[in-house]
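These notes are about the structure you will find just below.
The values are calculated or read from the model by the stated rules, or taken from the named source; none is laboratory data. Just so we're clear, the structure is a prediction, and the values are computed from it rather than from any experiment. Heads up, the Cβs are rebuilt from the backbone with ideal geometry, glycines too, and the neighbour counts pull from every protein chain shown. Protein only, heavy atoms only, side chains kept; ligands, DNA and RNA dropped before computing areas. Shrake-Rupley method; radii C 1.70, N 1.55, O 1.52, S 1.80 Å.
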Amino acid sequence: MIKRPKIAVIGAGGNVGAAVAQWAVQKELGDLVLIDLKAGPAEGRALDLTQCGPWEGFNVNFTATDKAEAMAGADVIVMTAGVPRKPGQSREELIGINAGIVKGICQDIKKHAPDAVLIVVSNPLDAMVFVAKQVTGFPRERVIGSAGVLDSARFRTYLSLASGCSVEDVHAVVLGAHTDKDMVPITSNATIGNVPVSKFLSAEKLTEVVENTKKGGATLTGLIGTSAWLAPGAGTCLMVEAIVRNQGRVLPCSVELNGEFGVKGAFVGVAVKLTANGAEAVYEFERSAAEKEAFGKSVAANTDLMNIARGFLG
Ligand SMILES: NC(=O)c1ccc[n+]([C@@H]2O[C@H](COP(=O)([O-])OP(=O)(O)OC[C@H]3O[C@@H](n4cnc5c(N)ncnc54)[C@H](O)[C@@H]3O)[C@@H](O)[C@H]2O)c1
């Protein structure tokens, strides 16, 4: 019998996990296992989503539980467990709390789903990808951070709003760290309908777009009172889809660099080909001198965070 993909979402009682599950059922990506510290919120999210089925026309096969062993045999695991950022709180401040949570869950993943591709969403993102890689011992192909998809979606959205052009035709990517300070929106090769963005926007306007992108998370946290979940869920689900459907999509994801960009051992957002094997390839491409410098600073900042996280690994 042909097996349906099994997708486990850990932290699924929360906002981002529930959003990942929602996009995944709408796309009919596979059977979903929703796991949370407390079974109630996971069961509630599953029931709520199941009751969308009659109108949305999907049949959902959910398992909702607080039991880690339910992830056994999962093809893809999405980790959204953790504490979200509070207004005014930096991602860096989250590190101590979330490293402990991610470490415990990764020990379960190693035990119950040793062949899964793991997508980490918990913040501070790049440091949590490092923790996940260290604890699971999985190859770098199978430990991937979701953040570049969100930051790039924000960048494309702000470019679209500033230019008045359809977001569909805006092609632009954010590399580097998933922090307000150190992410690197790449403007040098951003295009709208294949035309360089500089044809649409002045240097000042482009700087404004970059700044809006960088503070995109903080803007939403300020407005909603907690971090956003719909766009993070949509971006993460795009990664899940690329893996379970073996699409070979090239998306910005956080992975361990293995000599690319002249860097070894740091975890940072880069252009990655996603297939059924996970992060199958990492691509380098031409950037401006300023972007190269910013990327270098991003790597350094992430290495600092990684070293702080290392202290929580015991
Ligand atoms: N990378 C990104 O682009 C991005 C975007 C948004 C949010 N985030 C991060 O995602 C994480 C989740 O955000 P949220 O808004 O969904 O938070 P939330 O508080 O709504 O949900 C978190 C869930 O994790 C669960 N949880 C905590 N410890 C657990 C454990 N040991 N096992 C299983 N479940 C556990 C909680 O019970 C809760 O239901 C946060 O760290 C947040 O900063 C990342």
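Nearest 0.05, what FRET efficiency do Q26 and R140 give at R0 = 25 Å with Cβ-Cβ as r?
Efficiency, rounded to the nearest 0.05: 0.25.
Counting only the heavy atoms of the protein chains, how much of W229 is accessible to a 1.4 Å probe, in Å² to the nearest 10?
Estimated to the nearest 10 Å², W229 gives 80 Å².
Given an 8 Å cut-off on Cα distances and at least 6 residues of separation, report the relative contact order of the chain as a percent.
Relative contact order of the chain: 19 percent.
What does the charge dipole of the chain about its Cα centre add up to, to the nearest 20 debye, if the Cβ of each Lys and Arg holds +1 and the Cβ of each Asp and Glu holds -1?
Magnitude of the dipole: close to 300 debye.
What accessible area per residue, rounded to a whole number of Å², is obtained for the stretch 178-298 using a probe radius of 1.4 Å? Could you put the intermediate results ahead of the total?
On the way: 5450 Å² over 121 residues.
I get 45 Å² per residue for the stretch 178-298.
Once amide H atoms are built 1.01 Å from N in the peptide plane, which residues 5 or more positions from V173, or in another chain, come under 5 Å H to H?
For V173, the qualifying residues are I186.
In whole Å, largest first, what are the principal axis extents of the Cα atoms in the stretch 82-206?
Answer, in whole Å and largest first: 52, 34, 19 Å.
Among the aspartates and glutamates, which have Cα under 13 Å from the Cα of K214 when same-chain residues fewer than 8 positions away are ignored?
Straight-line reach from K214, under 13 Å: D151, D180, D182.
Could you tell me which of rounded, prolate or oblate describes the stretch 169-314, using a ≥ b ≥ c as the square roots of the eigenvalues of the alpha-carbon gyration tensor, with rounded for a/c under 1.5 and, failing that, prolate when a/b is larger than b/c and oblate otherwise?
Values: a/c = 1.25, a/b = 1.18, b/c = 1.06.
Note, shape of the stretch 169-314 comes out rounded.
Please list, in order along the stretch 278-284, the HN-Hα scalar couplings obtained from phi with the Karplus expression 6.51 cos²θ - 1.76 cosθ + 1.60 (θ = phi - 60°), rounded to whole Hz, x for Gly and Pro.
Running phi through 6.51 cos²θ - 1.76 cosθ + 1.60 with θ = phi - 60° gives x, 7, 6, 8, 10, 10, 9 Hz.
Please sort through the DSSP H helices of the chain and keep those with an alpha-carbon extent of at least 24 Å along the long axis and a Kyte-Doolittle average not below -0.5.
Helices passing the filter in the chain: 95-112, 289-310.
222 nm [θ] for the chain, helices only, -39500 (n - 2.57) per DSSP H run of 4+, per residue, to 500?
Numbers: 10 runs with 132 residues, N = 314.
Computed ellipticity for the chain at 222 nm equals -13500 deg cm²/dmol.
How much net charge surrounds G44 when only other residues with a Cβ under 14 Å from its Cβ are counted (Lys, Arg +1; Asp, Glu -1)? Numbers along the way, then the final one.
Numbers: positive: K38, R45; negative: D36, E43, D48, D66.
Taking every Cβ under 14 Å from that of G44, the sum is -2.
Take the Cα coordinates of the stretch 239-303, assign each an equal point scatterer, and use the Debye formula without solvent to give log10 I(q)/I(0) at q = 0.21 Å⁻¹.
-0.83
What's log10 of I(q)/I(0) for the stretch 3-86 at q = 0.12, 0.13 Å⁻¹, Debye sum over Cα points only, no solvent?
-0.29, -0.34
Sort all Cα-Cα distances of the chain into consecutive 20 angstrom bins from zero, then give the percent of pairs in each bin up to the one containing the longest distance.
Bins of 20 Å from zero give 35, 58, 7 percent of pairs.
Over the stretch 204-283, how many percent of alpha carbon pairs lie in each 10 Å bin up to the one with the longest distance?
For the stretch 204-283, the binned pair fractions read 17, 32, 35, 15, 0 percent.
Can you give me the P(r) profile for the stretch 137-198? Cα pairs, bins 10 angstrom wide beginning at 0, each as a whole percent.
For the stretch 137-198, the binned pair fractions read 23, 44, 24, 8, 1 percent.
Rg and Dmax of the stretch 63-143, using alpha carbons, in Å: what are they?
12.6, 39
Along the charge dipole of the chain, Cβ charges K/R +1 and D/E -1, which of M239, L37, S122 sits furthest on the positive end?
L37
Could you list which residues have their amide H under 5 Å from that of S227, counting only those 5 or more apart in sequence or on another chain, with H placed in the peptide plane?
R85
Can you give the log10 of the normalised intensity I(q)/I(0) at q = 0.09, 0.13 Å⁻¹, computed with Debye over equal Cα scatterers of the stretch 1-151?
Normalising to I(0) and taking log10 leaves -0.26, -0.55.
Please list the non-local residues whose amide H lies under 5 Å from the amide H of A147, H modeled 1.01 Å from N, same-chain partners needing a gap of 5 or more.
Here the answer is S254, since their amide H atoms fall under 5 Å of that of A147.
Can you tell me how much longer the chain between Q107 and L313 gets when fully stretched, taken as 0.36 nm per residue apart minus their C-alpha distance, in nm with one decimal?
73.0 nm
Quick one: compute the contact order of the stretch 1-139, relative version, from alpha carbon pairs under 8 angstrom and 6+ residues apart, as a percent.
Numbers: 246 pairs, mean separation 33.6, N = 139.
Relative CO of the stretch 1-139 lands at 24 percent.
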